[in-house]
Amino acid sequence: MSDFLKIQGLQARIDADGTPKDILKGLDLEVPKGEIHAIMGPNGSGKSTLSYVLAGRDDYEVTGGSATFKGQDLLALEPEERAALGLFLAFQSPVELPGVNNANFLRTAVNAVRRARGEAELDAVAFLKAVRAETKHLSMSDDMLKRAVNVGFSGGEKKRNEVLQMRLLQPSFAILDETDSGLDIDALRIVAEGVNSLRSPDFSALVITHHQRLLDYIVPDRVHVMAHGRIIHSGGPDIAKTLEKQGYTQFLEAAA
Amino acid sequence: MTQNAAPALEAFIARSAGQGAVLAETGLPTRRVEAWRYTPLRSIADTAWQKAAPLTTETVTALLARLVLPETGARVVYGNGQLMDALSALPEAVRQALENVSPLKGLFSATLNTALGERGLDICVPAGTDAGLLTLVSLSDGQDVSTHLQHRIVLEDGASLTLYDVSAGEGRYIANPRFDIVVGKGATLRHVKVQRESLTGTHLAIVSADVAERGEYDSFTLNQGSSLARHEAVVTLGAPHAMAHVNGVQIVDGQRLNDLTSMIHHAAPDGSSRQTVKTVLSDAGQGVFQGKILVDRVAQKTDGYQMNQALLLSERAQINSKPELEIYADDVKCSHGATVGALDDEQLFYLRSRGIPEAEARDILVRAFLIDALDLVADEGLRDLLLRSMTS
């Protein structure tokens with residue numbers, strides 16, 4: 001049962017003003033069921049690209065390799081099909097949706113996923129009950145449900161809203177893209193508690209981070225070091241501490 | 001063949017009582033006429049449009065059944081330009097209008113209506129009276145026929161009325177309604193219009209509204225049907241502190257053309273006008289917005305705002321947008337803006353990444369684009385009707 005998330009030789013590029021730019025250059029990664037892994041790496045190593053490619057954003061072109069999730073060819077699925085299958089991406093910069101009421105958005109998303117998973121849709125009352133339980137847990141005000149999605153939200157509120165979506169959609173695999181986002185301690189705690197609360201033998205996560213700080217709150221089973229579009233080193237949680245003290249140089253040299 | 005010798009024009013002249021000379025002189029506007037540059041009338045030129053035959057109550061009832069209409073208030077129904085007595089009742093508070101309303105010169109839709117006019121609503125809301133909600137349904141059904149209803153609506157001082165004005169039909173026809181509106185001192189007319197004509201129909205509407213001191217003409221137009229439709233409003237704020245809202249939403253698909261043209265004339269001090277128009281275009285749809293704000297030299301302290309935005313969902317769709325500000329007073333506040341854009345890929349991806357299928361995600365973003373225009377319809381019940389009508 002190691003075939004939960006399996007990425008082999010993944011290559012992807014983006015169109016940068018008319019010239020294709022290779023970003024992922026043969027990336028291998030496996031995240032087994034029930035484990036939390038972290039990816040750390042310097043700026044420009046391709047961490048965010050990896051998260052977008054896995055979630056299905058179509059401005060990246062996959063030029064080689066494969067990614068399977070629960071035995072399915074992830075790269076052949078539409079973003080909404082990936083979500084229905086249990087994949088969730090917590091955005092580094094959650095997108096603002098002016099004119100879209102947050103509560104309506106959440107209910108539409110929850111019911112779309114439930115429909116795709118063959119579960120009954122939640123009516124307004126049942127949904128409100130479910131969402132109230134979560135917002136209370138996350139210390140979110142009801143006001144945030146009435147506002148437009150992420151519009152005028154502070155950094156911390158946006159993170160809370162991402163975690164709220166994650167908890168409501170009940171993914172089996174979450175990707176948290178926290179690269180370079182300058183999170184304050186509160187925001188870090190929100191994200192960490194969100195992930196930790198979902199920890200179970202049926203839940204896996206990939207935490208993408210620039211800082212070791214986040215990994216004080218979410219202790220990963222494994223840490224991968226990413227550079228130049230590849231995983232160049234993998235090991236236990238101790239790697240994060242080594243990186244914090246000594247930087248990426250030793251890993252980069254060893255991989256060169 | 002020039003459009004002046006077109007079968008349409010000949011038929012109109014033959015049908016008009018004593019107005020043939022005016023029509024012949026005007027002709028059908030070509031694209032060289034600035035006001036019709038983006039809305040060519042070629043599609044109507046080659047048809048000899050005949051007077052529409054009366055409709056049976058059964059036909060009208062069947063057409064009514066397809067529409068989303070208010071369930072409360074009074075209702076007046078016209079079928080092919082004729083009042084359907086059995087289906088109509090005016091609000092109790094209104095009486096026959098007696099005032100003469102000045103004719104509009106130089107606007108084709110008005111000229112055509114004047115030449116061929118059929119008596120429509122002719123009502124007056126007495127001073128200080130709230131006449132509530134009146135639904136006006138104008139239905140057309142036929143092939144190569146035209147109707148030219150003339151409505152006169154007068155609100156005396158302090159009166160108020162909400163007019164829910166729906167046009168729809170079946171077949172190939174021209175609906176050419178005209179509204180002459182007088183809003184008295186401190187009176188308020190809320191005019192919510194839904195244009196859902198047959199997709200092979202043509203709709204050429206002209207509204208002329210004169211607003212007195214502290215009066216308010218508050219309008220919203222949903223332009224969604226017709227092969228070709230122009231809703232044209234000429235609003236004159238002729239006394240101090242008069243106010244106009246000329247808002248609208250246009251939803252254009254297929255190969256259709258919808259046009260919202262307006263002229264807001266500030267002719268007295270301290271007036272204010274607000275205009276938000278949003279157009280959503282898909283397929284090879286074409287949208288036109290022409291919005292002129294004219295501020296006379298005497299109209300000091302005018303407060304004008306105009307915003308028009310278009311959302312293009314297809315590369316073949318097209319919007320022609322012509323905001324025009326002509327200001328002769330020196331102490332005014334007038335702002336305007338125009339944007340044209342496509343759906344935002346990042347927003348679309350965000351919605352889809354939450355499991356929402358692409359078509360539903362697009363609908364959510366289109367509705368979000370329209371919402372701040374729709375929200376300008378203050379009456380929640382009518383706003384809901386509009387939303388239901390939009391998606392029906």
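The values are calculated or read from the model by the stated rules, or taken from the named source; none is laboratory data. Since this is a predicted model, take the numbers as computed values, not measurements. We place every Cβ from the backbone using ideal geometry, glycine too, and count neighbours over all the protein chains shown.
Things worth noting here:
- Top-ranked residue of the stretch A:132-173 - restricted to ones that are under 13 Å from the mean Cα position of the chain (by Cα) and more than 20 Å from A:N111 (Cβ to Cβ), ranked as surrounded by the fewest Cβ atoms within 10 Å (Cβ to Cβ): A:F173
- Residues in the stretch B:358-392 that are among the β-branched types (V, I, T) and in contact (Cβ under 8 Å) with a residue 60 or more places away in the chain were compared, and the one that is nearest to the other protein chains (Cβ to nearest Cβ) is B:V366.
- The residue that is farthest from B:H265 (Cα to Cα), among those in the stretch B:320-355 that are polar (S, T, N, Q) and assigned to a strand (DSSP E or B), is B:T339.
- Filtered by the rule that a residue be among the basic types (K, R) and touching a strand residue (DSSP E or B) at 6+ places or on another chain (Cβ under 8 Å), the stretch B:38-76 gives B:K51, B:R66, B:R75.
- Residue check, B:Q309 of a type outside the set (D, E), in contact (Cβ under 8 Å) with a residue 60 or more places away in the chain, in contact with a Lys or Arg (Cβ under 8 Å, 6 or more places away or on another chain) and farther than 22 Å from B:L365 by Cα: no
- Residues (more than 17 Å from B:I319 (Cα to Cα), of a type in the set (A, V, I, L, M, F, W, C) and either touching a strand residue (DSSP E or B) at 6+ places or on another chain (Cβ under 9 Å) or surrounded by 18 or more Cβ atoms within 10 Å (Cβ to Cβ) (or both)) located in the stretch B:19-37: B:L23, B:L28
- Only one of the listed residues (A:A116, A:A148, A:A205) is touching an Asp or Glu at 6+ places or on another chain (Cβ under 9 Å) and in contact (Cβ under 8 Å) with a residue 60 or more places away in the chain. That residue is A:A205.
Rundown of residues vs (1) within 14 Å of chain B (Cβ to nearest Cβ); (2) free of Cβ contacts under 8 Å to residues at least 60 places away in the same chain, yes/no style:
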position: A:F4; (1), (2): no, no
position: A:G9; (1), (2): no, yes
position: A:D15; (1), (2): yes, yes
position: A:P32; (1), (2): no, no
position: A:L50; (1), (2): no, no
position: A:R57; (1), (2): yes, yes
position: A:Y60; (1), (2): yes, yes
position: A:Q72; (1), (2): no, yes
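- Residue among B:V183, B:V145 that alone is out of contact with any Ser or Thr (no Cβ under 9 Å at 6 or more places or on another chain), closer than 19 Å to B:S43 by Cα and hydrophobic (A, V, I, L, M, F, W, C): B:V145
- Subset of the stretch A:74-116 (residues that are among the β-branched types (V, I, T), within 7 Å of another protein chain (Cβ to nearest Cβ) and over 16 Å from the mean Cα position of the chain (by Cα)): A:V100, A:T108, A:V113
- Residues satisfying the stated conditions in the stretch B:61-87, i.e. surrounded by 15 or more Cβ atoms within 10 Å (Cβ to Cβ) and over 22 Å from the mean Cα position of the chain (by Cα): B:T61, B:M84, B:L87
- Of everything in the stretch A:150-164 that is in contact with a Pro (Cβ under 9 Å, 6 or more places away or on another chain) and within 14 Å of chain B (Cβ to nearest Cβ), the residue that is nearest to A:F69 (Cα to Cα) is A:E162.
- Consider the stretch A:39-48 and keep the residues that are surrounded by 14 or more Cβ atoms within 10 Å (Cβ to Cβ) and farther than 28 Å from B:L351 by Cβ. The one that is farthest from the other protein chains (Cβ to nearest Cβ) is A:P42.
- Restricting attention to the stretch A:186-216, the residues being in contact with a Lys or Arg (Cβ under 9 Å, 6 or more places away or on another chain) and at pLDDT 90 or above number 8.
- For the condition part of a strand (DSSP E or B), surrounded by 22 or more Cβ atoms within 10 Å (Cβ to Cβ) and among the hydroxyl-bearing types (S, T, Y), A:S234 does not qualify.
- Selection within the stretch B:304-357 - more than 12 Å from chain A (Cβ to nearest Cβ) and of a type in the set (S, T, Y): B:Y305, B:S314, B:S321, B:Y328, B:S335, B:T339
- Pick from the stretch A:180-219, criterion part of a loop (DSSP other than H, G, I, E, B) and in contact with a Leu (Cβ under 9 Å, 6 or more places away or on another chain), ranking: farthest from A:D28 (Cα to Cα): A:L183
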